[in-house]
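Below is one structure; the comments refer to it alone.
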Amino acid sequence: MVSAEALLRWKHPVRGFIPPDYFIPIAEASGLILPIGYWILERVSNDIHAIKDKIKDITVSVNISPIQLMDAEFPDTLGSILNKNKLSFKSIKFEITESAFIYDKKYILNVMNDIARKGVLWSLDDLGSGYSSLNILNEMPFSEVKIDKHLLKGIDHSLKNRVILEKIIEIANDVGMNIVVEGIETQTMADTVFKMGCDLQQGYLYAKPMPLDEFLLFCEQSNTHVASDNLDVTDAYFPPCLTDNNDQA
């Protein structure tokens, strides 16, 4: 296992789980995303220690809002949180979506480069869900691309969908980026994507969301090589991703 992803979820006492797609835009519009974002970083930093006891070199991915990157205090606050928890910048990987660059692109790029120089990794999340140019892969300091699960739909019977997915994987491989395909739910999907050249996979085929204690037990019991779990900072860890087709047990 090489990484886990922290995803905020709201446990409402009446409505149950409220997905981040619903409340994150509200938090961004109200300005609450800043304290929420720093709380997530604090929580993840604490969780990393427990996870590293099981997997020494694991990296935890955190979804980042462009509003956070526009905050002038973000780089220093990030450093303070990591230093307080005795963590290196390499312990964190930030995931950002294509839509982030509708904001001040130049400013965000400067912040991303500054943090990347300190060791933080950057992942372009949900590639294929928006409309931006692939040139973004050249402009920004991404080391990883996560391909949106919607691109998986129809690849078994749609030549167009299959070719698009193959070309994206080919481009990412050619420029030396890690590639994670999200939404793997069946062994057929896993095998198909692996044959396309993508050996990092994420989806319910491998595991479903689980609390931290269950995730730690999963780490102990699993003898597979996992690439990009999802970790929910409200106590749920998301599905693992295999790195070797021969290990898909």
Do we find a residue being crowded, with 17+ Cβ neighbours inside 10 Å and out of contact with any strand residue (DSSP E or B) (no Cβ under 9 Å at 6 or more places or on another chain) anywhere in the stretch 6-26?
no
Evaluate the following for residue 85: is it touching a strand residue (DSSP E or B) at 6+ places or on another chain (Cβ under 6 Å), surrounded by 14 or more Cβ atoms within 10 Å (Cβ to Cβ) and touching a residue at least 24 places away in the same chain (Cβ under 8 Å)?
no
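Every residue, every condition in (1) in contact (Cβ under 8 Å) with a residue 12 or more places away in the chain; (2) among the aromatic types (Phe, Trp, Tyr); (3) surrounded by 13 or more Cβ atoms within 10 Å (Cβ to Cβ); (4) touching a Phe, Trp or Tyr at 6+ places or on another chain (Cβ under 8 Å), yes or no:
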| position | (1), (2), (3), (4) |
| --- | --- |
| 91 | yes, no, yes, no |
| 101 | yes, yes, yes, no |
| 106 | no, no, no, no |
| 125 | yes, no, yes, no |
| 138 | yes, no, no, no |
| 142 | yes, yes, yes, yes |
| 146 | yes, no, yes, no |
| 164 | yes, no, yes, no |
All conditions in (1) surrounded by fewer than 16 Cβ atoms within 10 Å (Cβ to Cβ); (2) under 17 Å from residue 125 (Cα atoms); (3) touching a residue at least 24 places away in the same chain (Cβ under 8 Å) are true of residue 176 except (3)
Tell me, which strands (runs of 3 or more DSSP E) wholly within the stretch 120-202 include 3 or more residues that are closer than 27 Å to residue 89 by Cβ and in contact with a Lys or Arg (Cβ under 6 Å, 6 or more places away or on another chain)?
121-127
Considering 57, 76, which residue is among the acidic types (Asp, Glu), in a helix (DSSP H, G or I), exposed (fewer than 13 other Cβ atoms within 10 Å of the Cβ) and out of contact with any Gly (no Cβ under 7 Å at 6 or more places or on another chain)?
76
Can you confirm whether the stretch 9-31 contains a residue that is closer than 24 Å to residue 87 by Cα and either in a loop (DSSP other than H, G, I, E, B) or in contact (Cβ under 8 Å) with a residue 40 or more places away in the chain (or both)?
no
Taking residue 224 as meeting all but one of (1) outside any helix (DSSP H, G or I); (2) in contact with a helix residue (DSSP H, G or I) (Cβ under 7 Å, 6 or more places away or on another chain); (3) modelled with pLDDT of 75 or more, write down the number of the exception.
(3)
Checking residue 76 against (1) within 18 Å of residue 34 (Cα to Cα); (2) out of contact with any strand residue (DSSP E or B) (no Cβ under 8 Å at 6 or more places or on another chain); (3) modelled with pLDDT under 95, the condition it does not meet
(3)
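The values are calculated or read from the model by the stated rules, or taken from the named source; none is laboratory data. Everything numeric in this text was worked out from a predicted model, so none of it was measured. Note that each Cβ is placed from the backbone with ideal geometry, even for glycine, and that neighbours are counted across all protein chains shown.
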